[in-house]
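Reading through the structure tokens given below for one structure.
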Amino acid sequence: MPYVTEQNLTDIVMDRWKNIPDSRLRKIMISMVKHIHAFVREIEPTEAEWFTAIDWLTRTGKQCTDKRQEFILASDVLGISMLVDAINHRLSTKATPTTVTGPFHVHDSPELANGANMAEDAPGVPCFVTGVVRDLDGMLVKGAILDVWQTDGEGLYEAQRDVKEPWMRAVYRSGADGSYVIRTIAPIGYTIPMDGTVGELMSRTKISHMRPAHIHFLIDSPGYHRIITHLFQRGDQYIETDVVYGVKEPLIVDFVKKPAGKAPNGEVLDKPFYVVNYDFVLQKAAKAAIAAE
Ligand SMILES: [Fe+2]
């Protein structure tokens with residue numbers, strides 16, 4: 001083996017990392033060495049810069065707890081989360097597209113009947129989300145799970161509130177005719193956490209750290225490709241500059257303002273409210289995925 005020089009170092013390292021029995025891990029590690037070496041050769045960091053990078057990663061790790069995940073946030077603002085999402089959900093253009101899960105989903109939300117309110121006592125403007133769940137052939141999907149979570153009207157999720165009971169989240173199911181009715185309040189845009197290492201980095205850029213108003217959905221039904229997605233409010237000032245690159249055109253919807261009166265769940269409201277109409281379109285799962293269920 002030749003001794004290393006600046007020129008041959010990458011080849012020598014890649015050659016040694018070929019010695020991994022697991023073929024997938026071997027492919028990943030060789031590619032990582034190749035790209036990281038190319039990155040370092042391109043930027044030619046000073047030693048001080050390299051230790052600044054190590055320190056940033058160290059502090060990012062120390063900020064992670066079971067309630068906070070700064071590495072996911074870093075992945076989000078660099079567009080990596082959306083890239084992984086895109087690679088793993090290559091659906092028909094006629095199906096509802098997926099987008100990032102984000103850090104605020106909570107498992108085992110309470111199951112509510114169609115039309116029931118998932119935003120009792122929450123501040124904000126009442127909002128009804130209605131439509132059907134169907135498939136690519138137009139068949140209505142009954143009994144589909146719609147797991148919903150969002151901010152309240154002040155831009156805060158349950159994890160950011162000091163609450164004991166579930167806050168701004170619920171599970172609904174589509175009815176026999178595929179329809180669903182969610183009663184909630186309108187979400188508002190919000191900033192990603194700016195008090196950590198990701199915020200520290202973002203504040204040295206001119207990149208917006210805001211997300212446009214959106215409602216999160218996980219839609220699941222046996223035999224169909226499970227999707228995690230959002231509905232975004234058309235006209236939101238941050239729709240073009242979502243800090244996590246989550247906005248896809250088919251997911252932008254009108255929040256139609258209605259005067260006080262009868263709402264889609266039959267209730268009569270004494271103040272104005274929003275109505276959002278959206279049909280979720282599911283794609284049949286690949287056969288291998290069905291077998292694994
Ligand atoms: Fe969100």
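The antiparallel fraction among DSSP beta bridges confined to the stretch 224-293 stands at about 75%.
From the alpha carbon centroid of the stretch 207-251 to that of the stretch 1-37 is 38 Å.
Taking the longest Cα principal axis of the chain as reference, the axis of helix 47-63 is set at about 40 degrees. In the calculated pair-distance distribution of the chain, the portion above 30 angstrom amounts to 43 percent of the Cα-Cα pairs.
By DSSP, what percent of the beta bridges with both residues in the stretch 77-292 are antiparallel, rounded to the nearest 5?
75 percent
Just add up the charged neighbours of residue 252: K/R +1, D/E -1, any other residue whose Cβ is under 13 Å from the Cβ of residue 252.
So the surrounding residues net to -3.
Put simply, the C-alpha atoms of the stretch 19-143 give a gyration tensor, and the ellipsoid matching it has half-axes of 41, 24, 14 Å, longest first.
Look at the alpha carbon pairs under 8 Å that are at least 6 residues apart: their mean separation over the length of the chain gives a relative contact order of 20 percent.
Local charge for residue 17 was computed over the other residues whose Cβ lies under 15 Å away, with Lys and Arg +1 and Asp and Glu -1, and equals +3. By the rule of a C-alpha distance below 19 Å, with chain neighbours fewer than 8 residues away ignored, the lysines paired with residue 164 are 67. Tell me, what is the FRET efficiency for residue 277 and residue 104 to the nearest 0.05, using R0 = 30 angstrom and their Cβ-Cβ distance as r? Computed FRET efficiency for residue 277 and residue 104: 0.75. With K and R counted +1 and D and E -1, the other residues having a Cβ less than 12 Å from that of residue 129 yield a net charge of -1.
Each value in this text was obtained by applying a stated rule to the coordinates, not by laboratory testing. Please read all numbers here as calculations on a predicted model, not as lab measurements. All Cβ positions, glycine included, derive from the backbone under ideal geometry; neighbour counts span all protein chains shown.
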